[in-house]
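To start, the structure under review is shown below, and the notes come after it.
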Amino acid sequence: MGHCNRCFFTLCPLLLLLLLPSSSGADLQFDFPAKIRDLNLFPSQDVNIVRHPNCHADKLVEKPLRFPNLLPAQSGVSLDNLAHSAGYYPIAHSNAARMFYFFFESRNSKKDPVVIWLTGGPGCSSELAVFYENGPFKIADNMSLVWNDYGWDKVSNLLYVDQPTGTGFSYSSDKRDIRHDEEGVSNDLYDFLQAFFAEHPEYVENDFFITGESYAGHYIPAFAARVHRGNKAKEGIHINLKGFAIGNGLTDPAIQYKAYTDYALDMGIIQKTDYDRINKLMVLMEQLHARLHILFVIRYSIPSCHILTISMWYYDIRKKCEGSLCYDFSNMEKFLSIKSVRDALGVGDIAFVSCSSTVYQAMLVDWMRNLEVGIPGLLEDGINMLVYAGEYDLICNWLGNSKWVHAMEWSGQKEFVSSPEVPFTVDDSEAGLLKTYGPLSFLKVHDAGHMVPMDQPKAALEMLKRWTQGTLSESGDDAEKLVAEM
């Protein structure tokens with residue numbers, strides 16, 4: 001978000017051509033820590049590598065979670081009837097990593113699916129989603145918490161994890177635990193799940209779904225493949241993986257980056273002359289990448305490069321971004337610095353790192369990798385995938401996501417491509433356009449930018465509910481009737 005305010009999630013060279021001021025012979029540079037600072041997300045320390053861990057290395061540290069200043073819910077829901085917890089799990093195959101998490105029991109039923117959410121970045125904390133997107137609570141300006149009427153815990157048992165290590169409250173005492181690729185990230189997450197389900201066997205038989213957004217478009221396919229592989233090899237506790245969902249994600253950069261100019265032209269952001277000029281520069285960037293084997297060329301000189309300047313916010317092109325007013329996550333920073341809150345979380349003196357530039361930079365070698373390659377095997381084995389995208393996001397736009405989904409080669413590709421788009425309706429209104437065949441679904445969400453659960457919370461909750469119940473293509477009333485019959 002996770003999303004900059006979401007911390008410059010998936011900015012690429014081509015997008016810089018669209019967004020940065022014109023230069024004349026100057027090096028094109030990007031100061032990631034400075035950008036976070038502008039967005040009220042600059043951490044007090046860059047990454048959580050600590051000398052004296054505040055929890056035991058060989059066991060789980062977990063406690064029931066009761067936030068202070070939580071206002072009563074109008075619906076009558078009570079924490080007394082819900083299992084909320086937070087804490088640390090040691091990561092089995094790491095050197096000294098401790099992964100911080102939140103768990104929120106479903107307000108509906110303990111038998112609801114277990115859904116894990118992964119925030120992107122790479123290097124941004126799950127707390128961004130907990131308090132600003134789809135968690136149970138929202139933070140009021142007076143630092144009290146109010147219940148979120150559209151929290152995903154209304155239809156699922158909800159997990160949030162601060163990952164990779166060094167993000168949020170997660171930490172290690174060994175720098176070797178900083179990850180550089182999806183193999184390391186997915187192995188750590190798999191170890192986390194094994195620890196969680198060992199501690200909470202009551203949820204082992206529940207359906208399990210992986211969700212997230214932005215750079216989690218890399219994390220999620222790798223994590224899903226790791227879980228599926230572990231299940232097949234009977235490595236540990238069987239995890240009842242049913243599906244994975246990617247929201248406004250970066251999954252196949254080679255396809256998605258080329259869609260920037262198409263999207264910008266279609267939306268009237270650039271003119272045809274700009275389109276042609278930028279595409280020529282993109283050819284140069286591809287040549288540099290191929291020759292130098294570098295992830296970005298934004299730190300290399302592009303002499304006399306006249307770059308188009310626009311003032312809109314690339315996470316939502318309907319809005320203009322001035323200073324740090326695009327998204328303001330400062331209440332989260334304030335809330336998580338309150339002693340009573342930190343005591344409730346059991347984080348001791350561990351610093352909260354909202355978005356880590358160290359984690360971000362460590363993952364740069366992973367950025368341009370195509371994570372679509374592992375998805376067809378999952379689809380063939382009956383694991384469901386939903387790709388959804390808000391229509392006004394530029395940075396991980398719906399068009400680029402649609403292009404890689406349609407280009408993906410699997411046994412149902414032809415049928416998916418020829419399938420019609422149908423309205424996705426919520427309260428008898430069209431909330432998006434849906435295309436589905438077999439285990440694969442693509443949803444373009446109306447009136448939303450990069451952060452769909454924040455921009456369209458009701459539609460996002462309905463999307464999750466229907467998808468996990470297997471009724472995504474049904475209308476609201478039909479879906480309810482079908483679930484009742486089941």
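Assessment of region 54-62 against the conditions (modelled with pLDDT under 90, under 29 Å from Ser214 (Cα atoms) and not in a loop (DSSP other than H, G, I, E, B)) yields at least one matching residue. When region 235-266 is filtered for residues that are under 27 Å from Met454 (Cβ atoms) and surrounded by fewer than 16 Cβ atoms within 10 Å (Cβ to Cβ), the ones remaining, listed by number, are Asp262, Asp266.
Of all residues in region 435-458, how many are under 19 Å from the mean Cα position of the chain (by Cα) and of a type in the set (Val, Ile, Thr)? So the answer is 2.
On the given criteria, is Ser441 outside any strand (DSSP E or B), hydroxyl-bearing (Ser, Thr, Tyr) and either at pLDDT below 95 or closer than 22 Å to Lys242 by Cα (or both)? No; evaluated as a whole, the condition is false for this residue. Looking at region 244-284, which of the residues that are β-branched (Val, Ile, Thr) and assigned to a helix (DSSP H, G or I) is farthest from Tyr388 (Cα to Cα)? Per the stated criteria, the residue is Thr273.
Here's the yes/no breakdown for (1) within 18 Å of the chain's Cα centre (by Cα); (2) at pLDDT below 90; (3) more than 13 Å from Gly249 (Cα to Cα):
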| site | (1), (2), (3) |
| --- | --- |
| Met332 | yes, no, yes |
| Val341 | no, no, yes |
| Phe352 | no, no, yes |
| Trp367 | yes, yes, no |
| Val387 | yes, no, no |
| Tyr392 | yes, no, yes |
| Asn401 | yes, no, no |
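Go through region 391-414 and give me each residue that's part of a loop (DSSP other than H, G, I, E, B) and of a type in the set (A, V, I, L, M, F, W, C). Selection gives Leu394, Ile395, Cys396, Met408, Trp410.
For residues in region 136-155 being among the hydrophobic types (A, V, I, L, M, F, W, C) and surrounded by fewer than 18 Cβ atoms within 10 Å (Cβ to Cβ), which is nearest to Phe103 (Cα to Cα)? By that ranking, first place goes to Val146.
Here's the yes/no breakdown for (1) out of contact with any Leu (no Cβ under 7 Å at 6 or more places or on another chain); (2) closer than 22 Å to Gly432 by Cα:
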{"position": "Tyr190", "(1), (2)": "yes, no"}
{"position": "His200", "(1), (2)": "yes, no"}
{"position": "Ile220", "(1), (2)": "no, no"}
{"position": "Phe223", "(1), (2)": "no, no"}
{"position": "Glu235", "(1), (2)": "yes, no"}
{"position": "Ile239", "(1), (2)": "no, no"}
{"position": "Gly247", "(1), (2)": "yes, yes"}
{"position": "Leu265", "(1), (2)": "yes, yes"}
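Taking the conditions exactly as written (within 16 Å of the chain's Cα centre (by Cα) and at pLDDT 90 or above), does Leu379 satisfy them or not? So Leu379 does not fit the description; no. Of all the numbered requirements in (1) crowded, with 18+ Cβ neighbours inside 10 Å; (2) modelled with pLDDT under 85, Ser356 misses one, and that requirement is (2).
Condition check for His238 on (1) farther than 25 Å from Ser356 by Cα; (2) part of a helix (DSSP H, G or I); (3) modelled with pLDDT of 95 or more; (4) not aromatic (Phe, Trp, Tyr): one failure, at (2). In the set (1) outside any helix (DSSP H, G or I); (2) over 28 Å from Phe131 (Cβ atoms); (3) among the hydrophobic types (A, V, I, L, M, F, W, C), the condition left unmet by Ile350 is number (2).
Does region 155-176 include one or more residues that are within 18 Å of Glu372 (Cα to Cα) and either part of a helix (DSSP H, G or I) or within 19 Å of the chain's Cα centre (by Cα) (or both)? Within region 155-176, not a single residue is within 18 Å of Glu372 (Cα to Cα) and either part of a helix (DSSP H, G or I) or within 19 Å of the chain's Cα centre (by Cα) (or both). Tallying residues that are closer than 24 Å to Thr251 by Cβ, modelled with pLDDT of 95 or more and not β-branched (Val, Ile, Thr) within region 105-125 yields 3. Only one entry in Glu430, Glu480 is modelled with pLDDT under 95 and either closer than 19 Å to Pro113 by Cβ or of a type in the set (Asp, Glu) (or both), namely Glu480.
In the condition set (1) farther than 22 Å from Leu379 by Cβ; (2) buried (at least 24 other Cβ atoms within 10 Å of the Cβ), Leu193 is compliant with all but (1).
Taken over region 106-134, the criterion of being surrounded by fewer than 23 Cβ atoms within 10 Å (Cβ to Cβ) and under 23 Å from Asn69 (Cβ atoms) is satisfied by Arg107, Phe131. Would you check which residues across region 241-276 are among the charged types (D, E, K, R) and under 19 Å from the mean Cα position of the chain (by Cα) and list them? Within region 241-276, Lys242, Asp252 qualify. Looking across Met99, Met143, one residue alone is in a loop (DSSP other than H, G, I, E, B) and of a type in the set (A, V, I, L, M). It is Met143.
Per-residue answers, yes or no, for (1) among the charged types (D, E, K, R); (2) surrounded by fewer than 21 Cβ atoms within 10 Å (Cβ to Cβ); (3) in a helix (DSSP H, G or I):
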| position | (1), (2), (3) |
| --- | --- |
| Lys319 | yes, yes, no |
| Asn331 | no, yes, yes |
| Tyr360 | no, no, yes |
| Val373 | no, yes, yes |
| Pro376 | no, yes, yes |
| Ala389 | no, no, no |
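Say we look at region 415-438 and pick out the residues that are on the phi < 0 side of the Ramachandran plot and part of a loop (DSSP other than H, G, I, E, B); which of these is surrounded by the most Cβ atoms within 10 Å (Cβ to Cβ)? Across region 415-438, the extreme among qualifying residues is Ser419.
The values are calculated or read from the model by the stated rules, or taken from the named source; none is laboratory data. Keep in mind the model is a prediction, meaning the values are calculated, not measured. Here Cβ is always computed from backbone atoms with ideal geometry, including for glycine, and neighbour counts include all displayed protein chains.
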